[in-house]
Amino acid sequence: AKRHDTGGYAVFAGSMHDSAVKALELQTDLRNALARDEFVLHYQPICDTVTARIRGVEALVRWQHPTRGLVPPGAFIGAAEETGLIRELGRWVLHEACRQMRAWRDRFPETDLRLSVNTSGEELKDPRFVDGVRDLLADTGLDPRVLQLEVTEAIFLQDPEYIAGILDGLRALGVRIALDDFGTGYSSLSYLDRYRLDTIKIDRSFVTRMLTQRRTWEIVTAIVKLGQALDLDIVAEGVEDETQRQAIRATGCGFVQGYLLGRPASAADFARTLEASDEA
Ligand code: C2E
Ligand code: CA
Ligand code: CA
Ligand code: CA
């Protein structure tokens with residue numbers, strides 16, 4: 001038994017070591033990637049549920065890795081948050097997204113798209129965050145109401161009072177706040193009660209199940225009713241087929257996002273979509 005235990009420990013220690021080394025490597029790689037400008041933003045449309053017209057766009061970061069290709073955010077956002085690099089990465093994302101939106105507004109003067117940018121709690125905790133956003137909007141000449149920051153419930157876990165102050169500061173600038181992945185956390189309703197928000201995004205998991213599970217359908221319907229009563233914009237995430245869009249439409253949910261309406265695409269491809277649509 002002793003030998004077995006030792007062997008088990010050795011394997012455990014080995015994998016601990018491996019994962020620690022991997023984490024360190026990832027941290028170094030991310031730092032280099034920022035320095036080498038290897039991050040890119042892709043853009044996914046957010047559409048009116050009834051007309052399917054593009055009303056907004058969500059910026060989603062990717063890592064254009066020299067050998068591994070396009071790396072999705074799920075592979076590095078967590079590490080960036082743990083190492084604190086998310087602040088620098090988040091700053092880059094926000095600047096790049098606003099710069100791009102400015103360029104689209106200049107090129108397509110008719111466009112009144114709203115820009116959504118994901119923001120992690122680590123970024124919000126930066127005491128200079130609100131000032132940074134204000135300066136960025138002034139520099140790019142973007143109307144603050146164009147910008148919507150998407151946050152998740154997780155931001156409220158550590159210091160809810162402080163975070164509430166940051167969100168108030170952002171809203172005072174005119175920036176909108178969306179609660180992302182709505183319904184997946186522990187106390188989505190209490191956050192709706194306590195904080196002023198502008199938009200809720202119904203998590204994809206509900207949209208996926210609502211046509212096969214009666215309970216899920218009732219929950220989605222109730223979320224939409226609640227959102228309407230609170231004067232919030234409501235976006236259904238992860239709409240992949242026409243049946244889902246029709247079902248979402250029947251709930252009265254105003255906006256849809258998902259592969260059916262458009263996959264995340266490069267800025268150049270998204271511009272072509274804008275050009276082809278009557279948005280531009
Ligand atoms: P999210 O904010 O919930 O973004 C939606 C995710 O769902 C995106 O994955 C998008 O590509 C995917 N998606 C959209 N429509 C559909 C659909 O119809 N079906 C399916 N199966 N998926 C769909 P992505 O781009 O891999 O991003 C994953 C997550 O990474 C995001 O989830 C967000 O939490 C985070 N993330 C992305 N960009 C950033 C960023 O710039 N900053 C921060 N802090 N987080 C980011
Ligand atoms: Ca999001
Ligand atoms: Ca989401
Ligand atoms: Ca998510």
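The values are calculated or read from the model by the stated rules, or taken from the named source; none is laboratory data. This is a predicted model, so every value here is computed, not measured. Ideal geometry is used to build each Cβ from the backbone, glycine not excepted, and the neighbour counts take in all protein chains shown. Note: areas computed on protein heavy atoms with side chains; ligands, DNA, RNA excluded. Shrake-Rupley method; radii C 1.70, N 1.55, O 1.52, S 1.80 Å.
The figure for residue 233 is an accessible area of roughly 50 square angstrom, using a 1.4 Å probe on the protein chains alone.
Placing R0 at 45 angstrom, the Cβ-Cβ distance between residue 265 and residue 194 gives a FRET efficiency of 0.80 after rounding to 0.05.
Each of 219, 200 has its accessible area taken with a 1.4 Å probe; listed largest first, they run 219, 200. Can you tell me the FRET efficiency between residue 138 and residue 231 if r is taken as the Cβ-Cβ distance and R0 is 41 Å, rounded to the nearest 0.05? Here the calculated transfer efficiency is 0.90. In the full protein context, the chain carries 52 Å² of accessible surface per residue, based on a 1.4 Å probe and ignoring ligands, DNA and RNA.
Quick check: from the Cα gyration tensor, does the stretch 173-280 come out rounded (a/c under 1.5), prolate or oblate? It comes out oblate by the Cα gyration axes. Within the accessible area of the chain, the carbon and sulfur atoms contribute 52%, probe 1.4 Å, all protein chains present. Estimated at 0.36 nm per residue, the fully extended path between residue 277 and residue 24 surpasses their Cα-Cα distance by 86.6 nm.
Each of residue 40 and residue 221 was given a label point 7 Å from its Cα along the Cα-to-Cβ line. The distance between the two points is 4.4 nm. Under the simplified labelling scheme, the residue 17-residue 126 pair shows an inter-label distance of 3.7 nm, with each label point 7 Å from Cα along Cα→Cβ.
Considering only GluC sites (Glu not before Pro) in DSSP loops that have at most 16 other Cβ atoms within 10 Å, the longest stretch of the chain without any of them is 111-239. Label sites at residue 168 and residue 205, each approximated as a point 7 angstrom past Cα along Cα to Cβ, lie 3.2 nm apart. Please say if the stretch 110-191 is rounded, prolate or oblate, where rounded means a/c under 1.5 for a ≥ b ≥ c the square roots of the C-alpha gyration tensor eigenvalues, and otherwise the choice is prolate for a/b larger than b/c and oblate otherwise? Since a/c reaches 1.5 but b/c is at least a/b, the shape of the stretch 110-191 is classed as oblate.
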